[in-house]
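The values are calculated or read from the model by the stated rules, or taken from the named source; none is laboratory data. Bear in mind that the values here come from a model prediction, so they are computed numbers and not experimental data. Virtual Cβ from ideal backbone geometry, glycine too; neighbours counted across all protein chains shown. SASA here: full protein model, heavy atoms, side chains in, ligands and nucleic acids out. Shrake-Rupley method; radii C 1.70, N 1.55, O 1.52, S 1.80 Å.
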Amino acid sequence: MWIKERVIYKLSKKIKLLERVEFYKRLFTANDLVFDIGANIGNRVDPFLKIGAKVVAVEPNPKLAKQLKKKYGSKVNVVQKIIGEKNGVTDLYINNSDVLSSASKEFIEKTKLTNRFGELSNQFDQTVEVEVVSIDKLFTKFGYPVFIKIDTEGFEYIILKTLKSNRVRGLSFEFALPESLDDVILSVEHLNNIGYKKFNIVFGESTAFISDKNMGFLDLVNLIRQLPKMTWGDIYAFNK
């Protein structure tokens, strides 16, 4: 039975990878530069590389950054830092489940109130100090990417509001309702103001947009306000 379950797990993982490859191929192609901010263990790095993209993986958790470097070697530029408003240092609160680690104390407190992560909501037991750099420093060092994926457990707005233009063709950022509702609205308002006029949503770990056609800013905001509690996923923004 264990062998059968293991085979099924590997097969489902392979299918998910192929689904992600097909999804992201619509957003960028081989040799395009992409940033994965909040790379964790590389769940998005894998399909990015399969497509042939040049990947910059930003992961502040020292443990996970080390794993990424070991796993990908020279194939990926791993940046062990937090992207923020000002250069300096800040605390990263590490959860017993590495995927939940966050630099947002406010987001952590909100997830405790909603019990979003169950028992893990109260298991941010370790804190490490991590260097903070502006996203402009990444642009200066690596160039402007075609696409940016942001998944930073409540720190998304802090990153997004540092963008000054829509020079990056497309981006995605994770949202969780109700905890990040205010930040989500502020995020899409800012993106709209700097030139991102088309939006879409993917719920959970799906690889399908909710609509075949991208929507405008106001339609997106209205939709977000109507979504039920405990909804999560990724919002996508495009400059045309």
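Odds and ends about this structure:
- Each of Ile194 and Arg225 was given a label point 7 Å from its Cα along the Cα-to-Cβ line. The distance between the two points is 2.5 nm.
- The loop-placed trypsin sites (Lys or Arg not before Pro) in segment 30-99, going by DSSP, that have at most 16 neighbouring Cβ atoms within 10 Å of their Cβ come out as Lys86.
- Taking a sphere under 9 Å around the Cβ of Asn95 and counting the other residues whose Cβ falls inside, with K and R at +1 and D and E at -1, yields a net charge of -3.
- The residue among Val128, Leu100, Gly84 whose Cα reaches farthest toward the positive pole of the charge dipole of segment 79-130, with charges on the beta-carbon of Lys, Arg, Asp and Glu, is Gly84.
- Of all lysines in the structure, those lying under 18 Å Cα to Cα from Lys197, and not within fewer than 8 positions of it along the same chain, are Lys149, Lys161, Lys164, Lys213, Lys240.
- Accessible surface of Val21, taken over heavy atoms with a 1.4 Å probe and every protein chain present, rounds to 20 Å².
- Neighbourhood charge, 15 Å Cβ-Cβ cut-off, centred on Ala208 and excluding it, Lys, Arg +1 and Asp, Glu -1: 0
- Note that segment 1-145 shows a convex hull volume over its alpha carbon atoms of 143 Å³ per residue.
- DSSP beta bridges fully contained in the chain are about 55 percent antiparallel.
- Accessible area of the chain belonging to carbon and sulfur atoms, whole % at 1.4 Å probe: 51 percent
- Mean ellipticity per residue at 222 nm, deg cm²/dmol - from DSSP H runs of n ≥ 4 across the chain, formula -39500 (n - 2.57): -11000 deg cm²/dmol
- Those GluC sites (Glu not before Pro) in segment 33-127 that DSSP places in a loop and that have at most 14 other beta carbons within 10 Å: Glu85
- 14 Å beta-carbon shell around Tyr144, net charge (K/R +1, D/E -1): +4
- Given their separation in residues at 0.36 nm each and the Cα-Cα distance between them, Thr207 and Glu19 gain 67.0 nm when the chain is fully extended.
- Among the trypsin sites (Lys or Arg not before Pro) within segment 135-233, those in coil by DSSP and having at most 15 neighbouring Cβ atoms inside 10 Å are Lys164, Arg167, Lys197, Lys213, Lys229.
- A probe of 1.4 angstrom, applied to the heavy atoms of all protein chains, finds Leu227 with accessible area near 30 square angstrom.
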